[in-house]
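Written below as structure tokens is the structure these notes are about.
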């Protein structure tokens, strides 16, 4: 009987995450897919239902035949949407690269700092999370505007002769993204670098490597899991970012999150906006699944 209870407990611990995923991800995603194959309508809600989950299997088959892919064809034909996807991916890639360039030295310095200092340094990285994300982004408006702190400081130093136009440009968007998502890059890198065995570097030096060569041959390859985790944590939310481009970006800043908001709340075209969301999710999930599959095959070859 004890073994039976242990088996049930083990299975329950496995199924609880799956149930959580089903409840908070798969079920809402199914509703979004349902909306994406519906037809727009001037009504409340502003779409024509094409499938009722309470009809039963016979009713489902008749409803499925009414599905329409016109929303997806419309997205492919309208240049606004694919330009938004491309622009979002470009901004996300560059912002993730900048975050990695800035975050890696920070995480490396934290991992190599005296052990007594590390909790304080870690707290300083987490400290921005104690303030509202929206307030932190709003604060950058006062810093980056023409009469803001940054321009006043540069004028005081004599670096510039007149205020720079930074706010409402892509530069402001990059600054906001790097600032907001830098902790998501630093934390996994620090967790990886802090666990590395320093004796490996000493062994590399004994074998004739300089400190720079030891870093690129030992530290960097061993830190790749942290680099990949940090890049995923920054890249995925950045692609669909809405708040930062809306507050800091200008009219020329084109990102899919902003386009999705306008389509959903201003145009009230729920089916098209749902199709945009489905395509965005596929763009993010498919590469991650392919990467995980390739990593699994690489581990199988090593074994």
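Going by average Cβ density within 10 Å per residue, which order do the peptides 96-107, 203-214 take, highest to lowest? Intermediate results must be reported in sequence, preceding the final value.
On the way: 96-107: 19.1, 203-214: 12.2.
Packing proxy ranking, top to bottom: 96-107, 203-214.
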Original post:
How would you classify the stretch 66-183 from its alpha-carbon gyration tensor, with a ≥ b ≥ c the square roots of the eigenvalues: rounded for a/c under 1.5, else prolate if a/b is greater than b/c, otherwise oblate?
Top reply: oblate
**OP:** Under 1.5 on a/c is rounded, so check that first for the stretch 190-303, then, if it is not, pick prolate when a/b is larger than b/c and oblate when it is not; a ≥ b ≥ c are the square roots of the alpha carbon gyration tensor eigenvalues.
**Re:** prolate
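I'd like to compare 146-159, 255-268, 229-242, 24-37: which one has the highest average count of other Cβ atoms within 10 Å, and what's the full order after that?
Numbers: 146-159: 12.4, 255-268: 18.0, 229-242: 20.1, 24-37: 14.7.
The packing order, highest mean first, is 229-242, 255-268, 24-37, 146-159.
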**OP:** Describe numerically, in nm with one decimal, the distance between label points set 7 Å from Cα along Cα→Cβ at residue 155 and at residue 25.
**Re:** 5.0
**OP:** With only alpha-carbon atoms counted, please give the Rg and Dmax of the chain, in Å.
**Re:** 24.7, 82
Original post:
So what are the stretch 126-280's ellipsoid semi-axes, whole angstrom, largest first, if each one is the square root of 5 times an eigenvalue of the alpha-carbon gyration tensor?
Top reply: 38, 25, 13
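For every helix of n ≥ 4 consecutive DSSP H residues, a contribution of -39,500 (n - 2.57) applies; sum these over the chain, divide by its total residues, and give [θ] at 222 nm rounded to the nearest 500 deg cm²/dmol. Present the calculation step by step, with values, prior to reporting the outcome.
Numbers: 15 runs with 211 residues, N = 303.
So the helix-based figure for the chain works out to -22500 deg cm²/dmol.
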Subject >> Overall Cα dimensions of the stretch 147-190, principal axis frame, Å, largest first >> reply: 41, 22, 13
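Values quoted throughout were computed directly from the atomic coordinates according to the rules given, and no laboratory measurement underlies them. Computed from a predicted model, the values in this text were never measured in an experiment. Cβ: placed from backbone, ideal geometry, glycine included. Neighbour counts: every protein chain shown.
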